[in-house]
Structure formats: C-alpha cells, structure tokens
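Written below as structure tokens is the structure these notes are about.
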Amino acid sequence: MNVMFTSNTVCKQTRRCETSLKSSSRSDECCGSSGAGYPVGVMSSLCVPAPKCLQRTFVAPLRHMFGPGPSNVPPRILAAGAEPIIGHMHPEMFEIMSDITSGVQYAFQTKNKVTLAVSGTGHAAMECALFNAVEPGEDVLVAVNGIWGERAADIAERIGAKVNTIRTPAGGCFTNEEIDQALARHRPVLFFLTHGESSTGVLHPLDGIGDICHKHNCLFVVDCVASMGGAALYMDKQGIDILYTGSQKVLNAPPGTAPISFSERACEKAFNRKKKPVSFFLDLSWLANYWGCDGKPVRIYHHTGPVSNFYSLRESLAVLAEQGLENSWRRHQEVAEYFHKGLENMGLTLFVKDKNLRLPTVTTIVAPPGYDWKEITSYIMKHHKLEISGGLGPSVGQVLRVGLMGCNSIKASVDMVLEALRDALQHCHKSKV
C-alpha cells in the first residue's frame, strides 16, 4: 500500500512526538528508562536520548559566498539537485553520467574516453590521480607554488612515492626551463602542477610543459580546481595527462563531485600497474567501468554515487555549455580586471605583482597594514553577510582572498565587495604602530 505524507500528517506526527517528549520523565536520560515515543511503562534500551538540537528546524543563512569556495549555487542548479532520487544503476542515471562526461570533455577541451566525476571533493580527485598513476617507490616531482602542491607532495609520500619538489615563493611561478632541468635531474614518472593556486592567487602558465614532460617520459598532472571555467585551459592541446577540478567553484554546484580526465598515456600507466591502487574507492579500473568509459558492455556495481549531486553537476555543466566556454573565460577576466582596478583605487595592493599571473577567479589582496585581517573578514560577514577569507598555507596572515566565480563573477558582486571593504576599513581597529 502506498502512503502519502501530507503536511497535515507531518504536523500531527510532530505534535505527537513533542507531546511524548514533554511527558517523558527525567529518567529518560539513563539506560533502561522509558524513552521518548514509548508508551508509559515500556522500558527503552537506549542510553543516548534523541538530541534536542535536532528538534529545531534548520534554515541555512543567506550569504554572498565570495571566498575562494564554495560559491553560491543558483536556483536552477539547486532545483536540479532537488529532483526525485533514482537508483545509481538505473538506465536514466547512466544517461545523466554520460551527459556529465560530455560536459566535462567540453569544459576540459579533451576527447579522452576516461572522463568522469569522482564522488568527493577536489581532494578526492587529487588522490584519484596520484593513487592510480603512482606506485610505491616511484619518483614524482611536485611543483610547490602554494598549498595544493604541498598537499600533493603529502599524498604522494603517503603512498610510498619518492617525492621531489621544486619551490617558488608565494605569488611566483616556474619557468619552463626550470621545470625541464628538474625533470632531467629527478626523472620522475609524474609531474604535478597547480594551474589556479587559490592560496596565492596565481594562474600558472601551462603552454609547453606537457611537451617537456613527455620528452622525459613523464605524466603531466594538473590541478585546475580554482581555474576551470574561469581561465583558458586546453587539456589535449597542452599535453595534460590527468586533469581534475571541483564542482563548487566556477561550476556553482554543491561540493561533492570532482570531474577528472585521463589521457591514453595515463590510462596505460594506471591499467598496467604491478600492484592495485591503495584505495578501492578511487581505483580507476572500477571507476571507469562504473562510468561506462572502459569499453565493456556491462557496468558492475562499485559504489552508490551521490545521485542528487550528479543532477546538480550535470545542470552546472549545461549552464557552462549554454554560456559558452570562451565567453566564461572572457567574463571572468573582465570582472577580475574591474575588481583589481577598484582595489587599487582604494589604495589596496594586489599580492600577485605580474598582471599576467593573476588568477581571474580568486584575487589575493595584501592584508592592509595595521589591521587584523580576522577582524576585517568577521566585520564584513556580520554587517554585509558576505564571505571573504584570509590566506591559506604560505599566504596565511599576508592576504585577503576574494573569489568571484561562475554566477558570482559579475560587476555587481565586485561593487558589493568594494563597498564592504571600504566599510570595514573605516570601522575596524587600525594600529598606530
């Protein structure tokens, strides 16, 4: 028999529960007492009572999410995520997953067959890339120009790789010659580089690096979590072997899915390992089958994919396709330049000196001298319901970070941020020292 729960039914049930809770004795909190919802005289075996905090209705506050992520989710994408749940192995779900693959191929500018979305955040995609492409004892080279290079080095070390790094001060980048020399010196199986380093606000150039890596028989892995959709990126043309991003930045989808793509060269390495990857959940051979991109006629259950998140991701990729990738790149650059000019007119200093290296999606501002950056961000949140953040990793205490991504990348958002900063600088305490 089908049962329909109407609002009146729910209200009646709620009232009954509330009445039952109120009538419960103090002994409810002890083992063997009569618990909430139990008839009088019936003993409960529960030692932990139902938490009172869950009896309150939760309403998420409305905020302008102008930090480095997550960004605001527009109504169209929120509505997609609220569609009815279907099975993760249903034919309709496979069609949605196929649409996602096509959308990611467009966003990444790749024809790679093994293109999918990891069920997790950008960190999961980073681990998926490294877990599948690197075996214990192999050498890897990580370019550290911010926190994400540090994280990649940490993950590679945890799986037993021999990790070598090249480093540049926060706000800087590497020349192709420096990368070529490091690859010749260390001879790694994989080179990792962050395209959009959100901790420092740097957009690292990619042209020519893929060719250098392949000359040294090395896979080229790129983190584009903070840059994809906001800056020019061509996976195939630039010779990138593994590329991944996150759903919660320019795509404006909820956090929880991470698009990733593997070149044929990367697949050959991943599918011909001596040992299985350390993670079953992130094993590419299983993921490729689940996503229907391994050429096999039957998909085997691997894990329960986040169905609602897949709905949202598909819709966000549809929005990007409708807007046009090049239009998105252009808009983010124009809005970033408008923002930078406004900051400089206020007397504030941009952390990345070279205009060509500034990440259009996440702007880093030198923390105003004499001010406590925490007081500034707290003031803006309290009085403007607007999130901006401080530094992360090597930029902690040095910068304020503002992310204007996807639907937030408009001049009206810039004007809001500039007004909030003016207000904060007028009212926050400034040291005279």
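The values are calculated or read from the model by the stated rules, or taken from the named source; none is laboratory data. This one's a predicted model, so the numbers in the text were calculated from it and none came from an experiment. Note: ideal-geometry Cβ built from the backbone for every residue, glycine included; neighbour counts use all protein chains shown. Ligands, DNA and RNA are excluded from the accessible area calculation, which covers all protein heavy atoms including side chains. Shrake-Rupley method; radii C 1.70, N 1.55, O 1.52, S 1.80 Å.
Side notes on the structure shown:
- Test: residue in segment 299-307 that is β-branched (Val, Ile, Thr) and in contact with a helix residue (DSSP H, G or I) (Cβ under 6 Å, 6 or more places away or on another chain): yes
- Whichever residue in segment 356-407 is polar (S, T, N, Q) and not in a strand (DSSP E or B) and, among such residues, is most open to solvent (accessible area, probe 1.4 Å): 356
- A Cβ distance below 7 Å, combined with a sequence gap of six or more or placement on separate chains, defines the contacts here; from segment 408-433, residues that are open to solvent by 70 Å² or more (accessible area, probe 1.4 Å) reach residues that are assigned to a helix (DSSP H, G or I) in the pairs 410/335; 411/335; 411/338; 427/379; 429/375.
- Any hit, segment 301-311, residues being under 22 Å from the mean Cα position of the chain (by Cα), modelled with pLDDT of 95 or more, crowded, with 23+ Cβ neighbours inside 10 Å and not aromatic (Phe, Trp, Tyr): no
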